[in-house]
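Some notes on the structure that comes next.
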Amino acid sequence: MKRLFTNIILFAVTISAFGQQTFGIKINAGISYLKTERVTYPPMPETQKFYSVFSGQGGLTYSYSFNSKFQIGTELLYSQIEGKEVLNGLSGVLTNNAFISDGHYEIDTYRHIYYLGLPIYVGYNFNRLNINLGIQGNFKLGGSSHWNTNSIYNNGATDSYESESKKLDLNNLDYGLRFGVFYKLNEKYSIETNYYHGLSDIVNGGLISGSPVWSVQQLTVGIKYTLFEL
């Protein structure tokens, strides 16, 4: 046991001698794209469109550089994902497999998801520029949504209402790929761009046939501040 602890201490000293550890904080702003496809059976005469919405993230950063070229890093982030969906369709009834329309409607839905993000990446330094690639896990903290519905009927009548939900039924974990580009301005400040592409269906029970399929994408630009180095 004593020999094991000795080896661990020697390994830590070796890493400190040949590498550099950096601790910092970051704040980024950008856009997120929340694709919220839904499946109806039988198919309904409706279309969905999805829009990018302002979003952001911020938190703590850690990186370890060695050989002045390679870098591994991780972060602990609070990430906010925003999404907008516009659903247009025909209202009416389905009788004997024939759809009879009495008007059309539009539903504008805004969704908000809050995550604790944990990316891990490997990067390569080109002088002041660092290009990195990794994976990221997002752990759900909460979510909500609100929507506006407007209907116009063939007889000229109209109807509209607003509603909201304080909870989104989502999986606790989202995961995907993360790509980043950092540019070092000086010893304290760096500019960074990150792109996250989710690979999982975040709807709870989303693997069931006919259920919704939701996925997350986010692009942010921001600044990172180095607190201290070891």
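The values are calculated or read from the model by the stated rules, or taken from the named source; none is laboratory data. Because the structure is a prediction, the values reported are computed rather than measured. Here Cβ is always computed from backbone atoms with ideal geometry, including for glycine, and neighbour counts include all displayed protein chains.
The set of residues in the range 110-153 being under 18 Å from the mean Cα position of the chain (by Cα) and β-branched (Val, Ile, Thr) consists of ILE113, ILE120, ILE135. Go through the residues of the range 126-138 one by one and say whether even a single one is touching a strand residue (DSSP E or B) at 6+ places or on another chain (Cβ under 6 Å) and aromatic (Phe, Trp, Tyr). No: zero hits. Across the range 148-185, the number of residues qualifying as modelled with pLDDT of 95 or more and either acidic (Asp, Glu) or farther than 26 Å from ILE31 by Cα (or both) comes to 1. Checked against the criterion of being among the aliphatic types (A, V, I, L, M), without any contact (Cβ under 8 Å) to a residue 60 or more places away in the chain, surrounded by 14 or more Cβ atoms within 10 Å (Cβ to Cβ) and in a strand (DSSP E or B), the candidates ILE113, ILE152 yield just one match: ILE152. Among the residues making up the range 63-77, those that are in a strand (DSSP E or B), among the hydroxyl-bearing types (Ser, Thr, Tyr) and either over 13 Å from GLY134 (Cβ atoms) or out of contact with any Phe, Trp or Tyr (no Cβ under 8 Å at 6 or more places or on another chain) (or both) are SER63, TYR64, SER65.
Results for (1) without any contact (Cβ under 8 Å) to a residue 60 or more places away in the chain; (2) of a type in the set (D, E, K, R); (3) part of a strand (DSSP E or B); (4) over 24 Å from GLY58 (Cα atoms), shown as yes or no for each residue.
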| residue | (1), (2), (3), (4) |
| --- | --- |
| SER145 | yes, no, yes, no |
| ASP159 | yes, yes, yes, yes |
| THR193 | yes, no, yes, no |
| TYR196 | no, no, yes, no |
| PHE228 | no, no, yes, no |
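Pairs linking a residue in the range 175-189 that is surrounded by 15 or more Cβ atoms within 10 Å (Cβ to Cβ) to a residue that is of a type in the set (Asp, Glu), with Cβ atoms under 7 Å and 6 or more positions apart or on different chains, are GLY180/GLU192; VAL181/GLU192; PHE182/GLU192. Could you tell me whether the range 103-112 includes any residue that is closer than 30 Å to GLU192 by Cα and either modelled with pLDDT under 95 or among the aromatic types (Phe, Trp, Tyr) (or both)? Checked against the condition, which is being closer than 30 Å to GLU192 by Cα and either modelled with pLDDT under 95 or among the aromatic types (Phe, Trp, Tyr) (or both), the range 103-112 yields at least one hit.
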